[in-house]
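Trainee: First, the structure itself, so that you have it in front of you.
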Amino acid sequence: MTSHWSEYWKQGHLTSFGESYKKTYTGVLKDQWFPLFSTLNDGFKCLDIATGNGGLAILVDDFASVNKISGSITAIDFAKINNHAIDIAHKFKNNILFRELFKAEDVDKLDDNYELIISQFGIEYSDISESIIASKKRLSANGKIGLMMHHSNSVIIQRNERTLTLVRSEAFRACMGHFINLVECSFDITSKESLRLLKLNGDAEHHRHQLNYLLKELFEYDEMAVKDTSLPEYVSQFMKIGVISERHVKKQFIEYLKTQIETLENRLSELVDAALTSDKLSSLIEYAKLNGLTATEQSEVLNESGEILAWFVVFEHSHIE
């Protein structure tokens with residue numbers, strides 16, 4: 001799991017769902033966290049589990065800064081974190097300690113206890129039952145655990161399921177095959193003067209026509225899903241610039257293309273599998289209760305159109321009367 005998520009975060013994304021939902025840490029998702037953040041006091045310690053490129057940790061830090069609350073945030077992720085992307089998104093991250101290659105299931109090995117433990121679209125990728133118990137061990141007496149998790153019926157999951165279905169289709173694989181073959185046919189084309197030779201190459205023309213035909217068919221089938229794969233961008237980039245690149249550059253491009261699509265398929269597969277049905281969430285809440293955590297809040301997060309975005313759950317230590 002680690003390698004393709006590290007590759008994904010390296011591209012600079014701040015969320016785990018790419019282009020499928022633009023309003024990542026703004027709007028209703030951002031507002032959902034503020035009541036929980038408002039419980040923080042000076043000297044707070046906050047833990048962000050499965051931070052990705054730090055989007056939620058940055059949101060806590062911004063909230064604390066605006067409200068003149070001092071504290072510290074530890075942000076962990078099992079994948080490698082793109083510090084450059086974080087620097088661009090948040091220039092004042094002095095209060096955030098990022099720790100990469102750190103599993104959610106191992107947070108009980110941290111030295112500190114935390115008033116607030118949070119995760120947004122992250123902890124559900126782990127063994128969540130184990131991660132919940134590990135988090136409980138690091139939760140201060142009156143602390144809270146806030147989890148925003150993928151909902152199996154959310155618009156985020158629905159869109160990514162469409163993209164995953166497309167990537168796994170025979171038509172998409174055929175499209176990829178013709179694109180790669182076209183690139184290979186152009187290995188000896190390294191200048192604008194020699195470009196005309198490519199048009200005289202029967203195999204190259206066959207692959208070009210098939211590529212255009214299949215792309216048109218895929219766009220008619222599901223334009224949004226096709227765009228989410230970035231394949232049209234790769235084709236456009238090659239046709240405009242890459243076609244006259246050196247042979248070794250084209251070979252590198254082919255390997256890069258294969259890696260990106262494989263990474264996409266693996267990431268979307270894990271994203272869809274991680275989403276919680278209502279039954280799975282109920283089982284998690286019951287399991288947490290048996291282990292000393294009570295769900296004090298449970299809700300579906302909806303967008304402005306009333307569509308489901310996520311589950312939101314808050315846990316606290318159970319107090320025996």
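Trainee: Average the reciprocal distances over every distinct pair of alpha-carbons in region 190-321, invert the result, and give the Kirkwood radius in Å.
Mentor: Values: mean 1/r = 0.0506 Å⁻¹.
19.8 Å is the Kirkwood radius here.
Trainee: Using Cα pairs closer than 8 Å and at least 6 residues apart in sequence, work out the relative contact order for the chain, in percent.
Mentor: After rounding, I find 19 percent.
Trainee: Arranged from highest to lowest average of other beta-carbon atoms within 10 Å per residue, in what order do the peptides 282-288, 263-269 appear?
Mentor: Working: 282-288: 15.9, 263-269: 19.0.
Top to bottom by mean Cβ count within 10 Å: 263-269, 282-288.
Trainee: Stokes-Einstein diffusion coefficient for region 101-143 at 25 °C in a medium of 0.890 mPa s, Rh from the Kirkwood formula over Cα pairs: what value in µm²/s?
Mentor: 234 µm²/s
Trainee: Hey, another quick one. Which value does Rg/Rh take for region 224-287 over its C-alpha atoms, Rh per Kirkwood?
Mentor: A ratio of 1.29.
Trainee: Starting at 0 and stepping by 20 Å, how many percent of the alpha carbon pairs of the chain end up in each bin?
Mentor: 29, 48, 20, 3, 0
Trainee: Computing the accessible area with a 1.4 Å probe over protein heavy atoms, can you report the carbon and sulfur percentage for region 100-216?
Mentor: That share works out to 45 percent.
Trainee: Accessible area per residue, 1.4 Å probe, Å², for region 159-243: what's the number?
Mentor: Averaged over the residues of region 159-243, the accessible area is 56 Å².
Trainee: Something else: Exceeding 19 Å between C-alpha atoms, which entries from my cross-link table qualify? They are Lys45/Lys68; Lys80/Lys227; Lys144/Lys289; Lys103/Lys136; Lys45/Lys137.
Mentor: Beyond 19 Å between Cα atoms: Lys80/Lys227.
Trainee: Evaluate 2.2 N^0.38 Å with N set to the residue count of region 130-186, then give the Cα radius of gyration divided by it.
Mentor: 2.12
The values are calculated or read from the model by the stated rules, or taken from the named source; none is laboratory data. As the structure is a prediction and not an experimental result, all values here were calculated from the model. Positions of Cβ are backbone-derived with ideal geometry, glycine not excepted, and every protein chain shown enters the neighbour counts. With ligands, DNA and RNA removed, areas are computed over all heavy atoms of the protein, side chains included. Shrake-Rupley method; radii C 1.70, N 1.55, O 1.52, S 1.80 Å.
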